[in-house]
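To keep things clear, I will list the structure first and then write my remarks on it.
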Amino acid sequence: MKTDEKIFKSAEIAPEIIQAGDSDEFIIRLVIGKAYTEHDSRIIFDFSSTLGTSCPTRQVNESSGYIETYVNNPRVEYNTRVWDLDHKHFVGKEHRQSREAARMVVLDLSSGLKAGDTVELHWGETTGGFGPGAKVSSIVPRPGYRARIDVRYFASQDKGMPDNGRDYEGYTRPVPDHIIRLEYKIEPRELKRLRLIRKPDQAMLIPYDRFWNIAKVSGTDFEADAQCEINRHGTLKFANKNVNVISNKTPLTANACMNEVYEGNNIYWGDVHTHSSYSNDCFQRSAMDMTPGDLMDFARFRSGLDFFAVTDHHQPWDKPANHIGELHWEQTLEDIKAKSINNEFIVFPGLEFRCPRGDTAVIFNGFPSYEAITNVKISDIRKVWELIKDCDLITIPHFHNGGSLSDDEWYYPTDSRFEPVIEIYSDHGSYEREQVLENGRAWCKQFRKDRCAEHFLNAGYKYGFGANSDDHKGHVGVNGITAIYAKELTRDAIFAAYRQRNVYGTTNARIRLLFTANDQLMGSCIKNTDAKEFLIDVIGENFLKKVEIFKDGNLFKMFEPEGKAFKTELKFNDSAISNWYVRVTQQDNHIAWSSPIWFE
């Protein structure tokens, strides 16, 4: 690209177009202009580093993302380093890099650069034949997505660092003498599978590439017995929820209808633990640029969700760097008001709160002021329940961060309406129990034995089970979603379903799960009787592997279904006070967990 200034005659990046998840050597080429300083200078290359992207590195030259600098002027000396925004230091032998936040390259150049000289940064160096190139993002979060690299020029090596990546109260990021934004377009890959999502009143056909991006689809890829319309994200909408779709080339999955599944209640799907670029870690670690409004569009038009919440990090007791900020909060509320529509798509305000208990998503049925959520007296989750009084709320704890309380210590509200559900699955894996077979946890994830569903059941707490994505990459509604039973799609109806624990979580599959005891829906507390009658009714998106029912956290009985559907009734005498829940596992390892039922 040509620049308007005389600092650089030109600045460009090649290649300018690449497919998601691909690898190549990217060359950032700067041609020096007449106004470039004659003294020592500093150029900072500020990368975005979304999911799958190779962070620029100087550690191992055989690894993806290795960077090398080329300066054509032999009299100019230079030093290339990588800055870690998490740890606030340069990466080296004495300072290891974090997993994600080492995304900033600092190039210090001695005096002597002349007009017409060239400076090149090769990201994914392949010269010599041993480098694999740099891998680009596997996510295409919105149509026409272009990843960016900001080139920040400083006319002195005394300026520009340390760089915390953004402004916040009490800190102003160094202002460069000149800045250029370079972009390269990331395109989705070819169609790999089709997914038909049936809602209570319509159906969506989603064409996926290998990374769950929206692939291009043509009329020869499928046949349908109803007309459809395509939205700007590339998914297809059918007014007829019972549409019959046949795939001509690729695998196709479809879920059962979700209307009037139990006593006039429909099943609606949501994700209420997600993060936008307003979260400090999203911007700091990956320079993710999806706003709350962008995520809402993704959730509705690409993930096919019915309800949604953005829960950006906000710790009112902490330093300003860990506040969402008033401008961002107000913009979030504006986006919600613009995009939330009763009986079509419901969006809640929310935040993620950290305290000694660990991490908790806080969801509001209303629009609290920034002053209300930023009271410095809100020092732990108990103060959230006590002090945020101008808005109805529920809290949903999750367990990737186990907190600092002592073993078996737990903060629990005196009013059960505040916290009816725990998150037992997200992109961090399963927190159902310590030993998990399918869809477990990566070894790097934290785990405490007293921070899982099995423990809370045995300890006597009454929590329903939900799942959310905890997405930080702009890919919401993919890893963990929650199903609720409700007669209408409104904020009040969704909150009522959570508080009655008429919810269940899945890893993402739209498994239709009905679980009742003595004609009472999952989540119910029932007066204990000797005669116990259970109904389990399941229709999967894929072939079922097993259906298990648990009593008091222990496996009671396992069924091995044939096909995608399974239904059974269990009748027996059992006088014990107990709790029961169902876990459904498909052959593809996708799982659904019902909320428990308690006999008291």
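In a reduced charge model with +1 at each Lys and Arg Cβ and -1 at each Asp and Glu Cβ, the chain shows a dipole moment near 620 debye about its Cα centre.
Restricting attention to the stretch 487-600, the count of lysine pairs at 8 or more positions apart or across chains with alpha carbons under 26 Å apart stands at 26. Taking a virtual spin label 7 Å from the Cα of Cys525 along the C-beta vector, which residues in the stretch 454-468 bring their backbone nitrogen under 13 Å of it? Zone members listed by number: 460-464.
So, R0 is 56 Å and r is the distance between the beta-carbons of Leu327 and Glu223; what FRET efficiency does that work out to, to 0.05? The computed FRET efficiency comes out at 0.70.
The ranking of Trp317, Trp123 from fewest to most other beta carbons within 10 Å of each one's beta carbon is Trp317, Trp123.
Judged by the mean number of other Cβ atoms found within 10 Å, the most tightly packed of the peptides 320-327, 79-86 leads the ranking 79-86, 320-327. Taking a ≥ b ≥ c as the square roots of the eigenvalues of the alpha carbon gyration tensor, the stretch 99-251 is prolate, as a/c is not under 1.5 and a/b beats b/c. Computed from backbone phi with θ = phi - 60° and the Karplus coefficients 6.51, -1.76 and 1.60, the 3J(HN,Hα) list for the stretch 121-126 is 10, 9, 9, x, 3, 10 Hz; x is used for glycine and proline.
Applying the Karplus relation 6.51 cos²θ - 1.76 cosθ + 1.60 with θ = phi - 60° to the stretch 202-207 yields 3J(HN,Hα) values of 6, 9, 10, 10, 10, x Hz, where x marks Gly and Pro.
Which of the aspartates and glutamates could a cross-linker bridge to Lys192, judged by Cα under 14 Å and excluding same-chain residues fewer than eight apart? Counting by Cα, and skipping residues close in sequence, Lys192 has these aspartates and glutamates nearby: Asp209, Asp221.
Relative protection proxy for 431-442, 567-578, 489-500, from highest mean packing down: 489-500, 431-442, 567-578 (other beta-carbon atoms within 10 angstrom).
The C-alpha atoms of the chain define a longest principal axis, and helix 326-339 lies at about 60 degrees to it. Counting only residues at least eight positions apart within a chain, or on another chain, the lysines with an alpha carbon under 18 Å from that of Lys6 are Lys34, Lys114.
In plain terms, the chain from Glu533 to Lys571 could stretch by 13.2 nm, reckoned as 0.36 nm per residue minus the Cα-Cα distance. Recomputing Rg/Rh (Cα atoms, Kirkwood Rh) from the coordinates shown identifies the correct label among (1) 1.01; (2) 1.19; (3) 1.05 as (1). The residues neighbouring Asp380, those whose beta-carbon lies less than 11 Å from its own, together hold a net charge of +4 under the Lys/Arg +1, Asp/Glu -1 convention. Close amide H contacts of Gln315 (hydrogens built in the peptide plane, cut-off under 5 Å, sequence separation of 5 or more or a different chain): His323, Ile324.
Give me the extension gain from Lys337 to Glu12: residue separation times 0.36 nm, minus the current Cα-Cα distance, reported in nm with one decimal. In short, 113.0 nm is gained.
The value of relative contact order for the stretch 266-508, using C-alpha pairs under 8 Å at least six residues apart, is 23 percent. Evaluating 6.51 cos²θ - 1.76 cosθ + 1.60 at θ = phi - 60° for every residue in the stretch 343-359, the Karplus couplings come out as 6, 10, 7, 10, 10, 10, x, x, 8, 9, 10, 10, 7, x, 6, x, 10 Hz, glycine and proline recorded as x.
Compute the Cα gyration tensor for the stretch 39-119, then decide on rounded, prolate or oblate, letting a ≥ b ≥ c be the square roots of its eigenvalues: rounded whenever a/c is under 1.5, prolate when a/b is larger than b/c in the other cases, and oblate in all that remain. Prolate is the answer for the stretch 39-119, as a/c is 1.5 or above and a/b outweighs b/c. For Tyr145, Tyr78, Tyr66, the sequence from fewest to most other C-beta atoms within 10 Å is Tyr78, Tyr145, Tyr66. For the stretch 8-187, rounded, prolate or oblate, judged on the Cα gyration tensor with a ≥ b ≥ c (square roots of eigenvalues), a/c < 1.5 rounded, else prolate if a/b > b/c? Here the stretch 8-187 falls in the rounded category. Starting from the Cα of Ser111, step 7 Å toward the Cβ, then list every residue of the stretch 22-49 with an amide N under 13 Å from that point. Flagged as within label range: 37-41. Placing dummy labels 7 Å off each Cα toward the beta-carbon, the span from Tyr70 to Arg166 is 3.5 nm.
Here the spin labels are modelled as points 7 Å beyond Cα on the Cα-Cβ line, and at Thr126 and Lys557 they lie 5.9 nm apart.
Each reported figure results from applying straightforward, stated rules to the coordinates on display, with no laboratory input. Values in this document were obtained by computation on a predicted structure and should not be read as measured data. Please note: Cβ atoms are built from the backbone with ideal geometry, for glycine as well, and neighbour counts cover all protein chains shown.
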